[in-house]
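Novice: The structure's right below; bear with me while I get my questions together.
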Amino acid sequence: MGDHDTYWKADGSYLPPVKPHTKAKHQILADYIKNWVVTLCGNNMGKRKTVTLIDGFCGGGMYVDPENNNELWEGSPIRMIEMVERGLEIVKHEKSKFDYDLNAKFIFIDSKPDHIDCLKIQMQRAGLEHYIHNHEKCEFICGEFEPLAERLVSEVGMRKGSSFFFLDPFGYTDVTMATIRKIISLGKSEIIYTFMIDFIRRFLSEREGSLKRAFTDILEADGYFMPASGYNILDQQDYLRNETLRLFRNRGNARYVYSFALLPNRTTVEYYLVHLASSPTAQRVIKNALWEHNNIELIYQFNRGVTGLGFSTPEYYERGTKIFNIEEENVRASIESLNNELMPVIYSYEDGIPFEELHVKTMQTNPSPVNHYMSYVDEQRDMREIEVWRNGKITKAKQLKPGDIIIKSSQGKLFDFKSFKPK
C-alpha cells in the first residue's frame, strides 16, 4: 500500500484516492505479472505450471481516481488476478498452447480486518467471486506480513513451481533482510519491494535510537550507506541508489537486482521499487515493464541525480507540455549509452561473446531493454565495428538469438579505446 494515510472501510463505503505514483506502481505490477506468466508458461515444456503469488500488504482492493471523476481504480490484488488470467489467455492463443493449464494460487495479507473485508467485496464486484471461497485458489490472511513469512515460504516450497511476492509496506521496518533471503532461497521466486530511501536519508543524519536498530537489525545494513561529506543532493542520491542495489545483492542474496525511482518532485527520490530475482530472464521482463512506465528524460539524468528509470509526479502532470517526443529521445539516449558499456566487453573476447552472455554481463548497469541491445549491435555492425555469427556463418539478422556470437570486426575501423571514458 505504501501511504500511511491509506485505509478502506470494511463495507466498501470509503475507498481512498489513488495517487499518481501509486497508479504507476500498479501499472508496472500489472504489465510485469502478465509478461511473467507468458514467459514462464510459454517456455514451459509441459502442459501445466504451478505459480504462487503473494501480496504481503494488499489493502482493500480498490481506489477512486480523482483525476478521472473518482472512477474506480483497481488495486494490486485484483490486478494480479486479472493479469494472471490475461497472461494465460495469451499463452493459449498467441503461443498456440490451447490445452495449457495453470495451477495458480493467490495469497492476500493485510494487518487490518476491514481491509480484507473490503477486498472481498471489491473482488465480488469485479466478477472474481469464484476466487473468494476457493481456498485452493485464493487465501486471505489478516495479520502482519513479517511474522507470517516463515509459513509463507514453507507453503511456497511445498507447492513448488515459481512464486512472486509483491511487498509494498507502509514503512521500512515491516520486512526484514532475513525474510528477503528466505524468499530468494526458494530459487524460482521473485520480489517487487517498495524500499523507502527516505529512511536511509534520515539515518545518515541521525544514526541513533530506533533508526539505528532498524538499520542494523532489520536491514542488516552495517557497512553500507556510510556517511560522507561533500555530497550534494544529486550525488548523494546516486550513491544511495548504488548502495541499495549492493545491499540487496549481498545481504539479500539476490543475483539480479534492479530499481525504479519514484519521485514526488523532479529531484528527490522518495522510494524505489526494487526487483529481486535469481534469474536474468526475470530481470529482462521487469526492465521491459519499467521502460514502458518511465517518464523522465534519460538524457538529462545527470542534472537530477537519478540513475536508471523512474517516475516523476511533475512529469506525469505535465506529460502533454513537452516540445519533443520523450520516448524517441529516451530510446536514442539508451542506445547511445550502450557504446561505452558494450564495446569494451566485446573487444575483450578474442573469439567473440554470445549475445545472451553479453546481455547478462551488462544488464544490471543500464536502463536498456534487450531490444535496444539488438538495435545497438545492428548499428555497430553497419559501421563495421563488429560481426555477428550464427551457426558458423555471418548473419545480418536484426532479431538476434541468444547463441549468436558477437565479435570485433575483421575489417573496417576499430573501436577507439582512447576516447572511451568509463562511467
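Novice: Do we find that residue 38 is open to solvent by 20 Å² or more (accessible area, probe 1.4 Å), under 13 Å from residue 83 (Cβ atoms) and among the aliphatic types (A, V, I, L, M) in this structure?
Specialist: yes
Novice: Turning to a different aspect of this structure: Being of a type in the set (A, V, I, L, M, F, W, C), in contact (Cβ under 8 Å) with a residue 40 or more places away in the chain and in a loop (DSSP other than H, G, I, E, B) is the filter here; which residues of segment 356-413 pass it? If you could, list the steps in order and put the result at the bottom.
Specialist: Going residue by residue through segment 356-413, those that are of a type in the set (A, V, I, L, M, F, W, C) are 358, 360, 363, 370, 374, 377, 383, 386, 388-389, 394, 397, 400, 405-407.
Still in the list and also in contact (Cβ under 8 Å) with a residue 40 or more places away in the chain: 358, 360, 363, 370, 386, 400, 405-407.
Passing the criteria: only 400.
Novice: What are the residues in segment 337-358 that are in contact with a strand residue (DSSP E or B) (Cβ under 8 Å, 6 or more places away or on another chain) and open to solvent by 50 Å² or more (accessible area, probe 1.4 Å), if any?
Specialist: Across segment 337-358, the qualifying residues are 349, 351.
Novice: Moving on to the next point. Which of (1) touching a residue at least 12 places away in the same chain (Cβ under 8 Å); (2) not in a loop (DSSP other than H, G, I, E, B) does residue 85 not meet, given it meets every other one?
Specialist: Single failed check for residue 85: (1).
Novice: Give me a count of the residues in segment 379-408 that are surrounded by fewer than 17 Cβ atoms within 10 Å (Cβ to Cβ) and among the charged types (D, E, K, R). Before you say what the answer is, go through the steps one by one.
Specialist: Filtering segment 379-408 down to residues surrounded by fewer than 17 Cβ atoms within 10 Å (Cβ to Cβ) leaves 379, 382-384, 389-399, 401-403.
Now drop any that are not among the charged types (D, E, K, R), which leaves 379, 382, 384, 390, 393, 396, 398, 401.
Number satisfying all stated conditions: 8.
Novice: Here's something else I'd like to know. If I filter segment 126-146 down to residues being among the charged types (D, E, K, R) and touching a helix residue (DSSP H, G or I) at 6+ places or on another chain (Cβ under 7 Å), which single residue comes out as least open to solvent (accessible area, probe 1.4 Å)? If you could, list the steps in order and put the result at the bottom.
Specialist: Step one: of segment 126-146, the residues among the charged types (D, E, K, R) are 129, 136-137, 139, 144, 146.
Among the residues that remain, those that are also touching a helix residue (DSSP H, G or I) at 6+ places or on another chain (Cβ under 7 Å) are: 129, 137, 146.
Details: 129: 86, 137: 70, 146: 53 Å².
So, considering only residues that are among the charged types (D, E, K, R) and touching a helix residue (DSSP H, G or I) at 6+ places or on another chain (Cβ under 7 Å), the one least open to solvent (accessible area, probe 1.4 Å) is 146.
Novice: Right, something else. How many residues, within segment 63-82, are open to solvent by 10 Å² or more (accessible area, probe 1.4 Å), touching a helix residue (DSSP H, G or I) at 6+ places or on another chain (Cβ under 9 Å) and part of a strand (DSSP E or B)?
Specialist: Here the count works out to 4.
Novice: Residue 53: open to solvent by 10 Å² or more (accessible area, probe 1.4 Å), under 25 Å from residue 144 (Cα atoms) and among the aliphatic types (A, V, I, L, M), yes or no?
Specialist: For residue 53, the condition - open to solvent by 10 Å² or more (accessible area, probe 1.4 Å), under 25 Å from residue 144 (Cα atoms) and among the aliphatic types (A, V, I, L, M) - is not met.
Novice: What do you reckon, is residue 95 touching a helix residue (DSSP H, G or I) at 6+ places or on another chain (Cβ under 8 Å), part of a strand (DSSP E or B) and open to solvent by 10 Å² or more (accessible area, probe 1.4 Å)? Walk me through how you get there before you give the answer.
Specialist: Numbers: touching a helix residue (DSSP H, G or I) at 6+ places or on another chain (Cβ under 8 Å): yes; part of a strand (DSSP E or B): no; open to solvent by 10 Å² or more (accessible area, probe 1.4 Å): yes.
Considered against the rule, which asks whether it is touching a helix residue (DSSP H, G or I) at 6+ places or on another chain (Cβ under 8 Å), part of a strand (DSSP E or B) and open to solvent by 10 Å² or more (accessible area, probe 1.4 Å), residue 95 comes out as no.
Novice: Take the residues in segment 102-125 that are in a helix (DSSP H, G or I) and of a type in the set (Val, Ile, Thr); name whichever of them is surrounded by the most Cβ atoms within 10 Å (Cβ to Cβ).
Specialist: Residues of segment 102-125 in a helix (DSSP H, G or I): 113-125.
Retained after the next criterion (residues that are of a type in the set (Val, Ile, Thr)): 116, 121.
Numbers: 116: 22, 121: 20.
Only one residue tops the list, namely 116.
Novice: Would you mind telling me which numbered condition in (1) open to solvent by less than 50 Å² (accessible area, probe 1.4 Å); (2) more than 21 Å from residue 34 (Cα to Cα); (3) not in a helix (DSSP H, G or I) residue 149 fails?
Specialist: Only one criterion in (1) open to solvent by less than 50 Å² (accessible area, probe 1.4 Å); (2) more than 21 Å from residue 34 (Cα to Cα); (3) not in a helix (DSSP H, G or I) is unmet by residue 149, namely (3).
Novice: Moving on to the next point. Can you work out which of the residues in segment 233-262 that are open to solvent by less than 10 Å² (accessible area, probe 1.4 Å) and part of a helix (DSSP H, G or I) is farthest from residue 186 (Cα to Cα)? Break it down into steps so the answer makes sense when it comes.
Specialist: Initial filter on segment 233-262 (open to solvent by less than 10 Å² (accessible area, probe 1.4 Å)): 237, 240, 244-245, 247-248, 252, 254, 257-262.
Checking which are part of a helix (DSSP H, G or I) leaves us with 237, 240, 244-245, 247-248.
Details: 237: 32, 240: 28, 244: 22, 245: 20, 247: 19, 248: 16 Å.
The qualifying residue farthest from residue 186 (Cα to Cα) is 237.
Novice: Based on this model, can you work out whether residue 266 counts as at pLDDT 90 or above, at negative phi and either touching a Ser or Thr at 6+ places or on another chain (Cβ under 6 Å) or of a type in the set (Lys, Arg) (or both)?
Specialist: On the way: at pLDDT 90 or above: no; at negative phi: yes; either touching a Ser or Thr at 6+ places or on another chain (Cβ under 6 Å) or of a type in the set (Lys, Arg) (or both): yes.
Criteria not met by residue 266.
Novice: State all residues of segment 56-76 that are closer than 15 Å to residue 114 by Cα and not aliphatic (A, V, I, L, M); if no residue qualifies, say none.
Specialist: First, pick out the residues of segment 56-76 that are closer than 15 Å to residue 114 by Cα: 57-63.
Answer for segment 56-76, where residues must be closer than 15 Å to residue 114 by Cα and not aliphatic (A, V, I, L, M): 57, 58, 59, 60, 61, 63.
Novice: Would you mention how many residues in segment 263-297 are over 26 Å from residue 222 (Cβ atoms), surrounded by 19 or more Cβ atoms within 10 Å (Cβ to Cβ) and of a type in the set (Val, Ile, Thr)?
Specialist: 3
Novice: Considering each of 42, 56, 61 in turn, give the residue that is closer than 30 Å to residue 313 by Cβ and in contact with a Lys or Arg (Cβ under 9 Å, 6 or more places away or on another chain). Walk me through it before giving the result.
Specialist: On the way: 42 fails: closer than 30 Å to residue 313 by Cβ; 56 fails: in contact with a Lys or Arg (Cβ under 9 Å, 6 or more places away or on another chain).
Residue meeting the stated conditions: 61.
Novice: Which residue pairs have Cβ atoms under 7 Å apart, sit 6 or more places apart or on different chains, and have a first residue in segment 169-184 that is more than 14 Å from residue 55 (Cβ to Cβ) and of a type in the set (Phe, Trp, Tyr) and a second that is part of a helix (DSSP H, G or I) and open to solvent by less than 10 Å² (accessible area, probe 1.4 Å)?
Specialist: The qualifying pairs are 172/199; 172/214.
Novice: Continuing with the same structure: Kindly indicate whether any position in segment 126-144 is touching an Asp or Glu at 6+ places or on another chain (Cβ under 7 Å) and either assigned to a strand (DSSP E or B) or acidic (Asp, Glu) (or both).
Specialist: Yes, segment 126-144 contains at least one residue that is touching an Asp or Glu at 6+ places or on another chain (Cβ under 7 Å) and either assigned to a strand (DSSP E or B) or acidic (Asp, Glu) (or both).
Novice: OK, next. Going through segment 148-169 one residue at a time, which ones are under 11 Å from residue 56 (Cα atoms) and either in contact with a His (Cβ under 8 Å, 6 or more places away or on another chain) or not hydrophobic (A, V, I, L, M, F, W, C) (or both)? Can you show your working first?
Specialist: Residues of segment 148-169 under 11 Å from residue 56 (Cα atoms): 148-149, 152, 164-169.
Correct list: 168, 169.
The values are calculated or read from the model by the stated rules, or taken from the named source; none is laboratory data. Computed from a prediction, not measured in an experiment: that's the story for all the values here. Because the Cβ atoms are built from the backbone with ideal geometry, glycine has one as well, and the counts that use them run over all protein chains shown. These area figures cover heavy atoms from the full protein model, side chains too; ligands, DNA and RNA do not enter into them. Shrake-Rupley method; radii C 1.70, N 1.55, O 1.52, S 1.80 Å.
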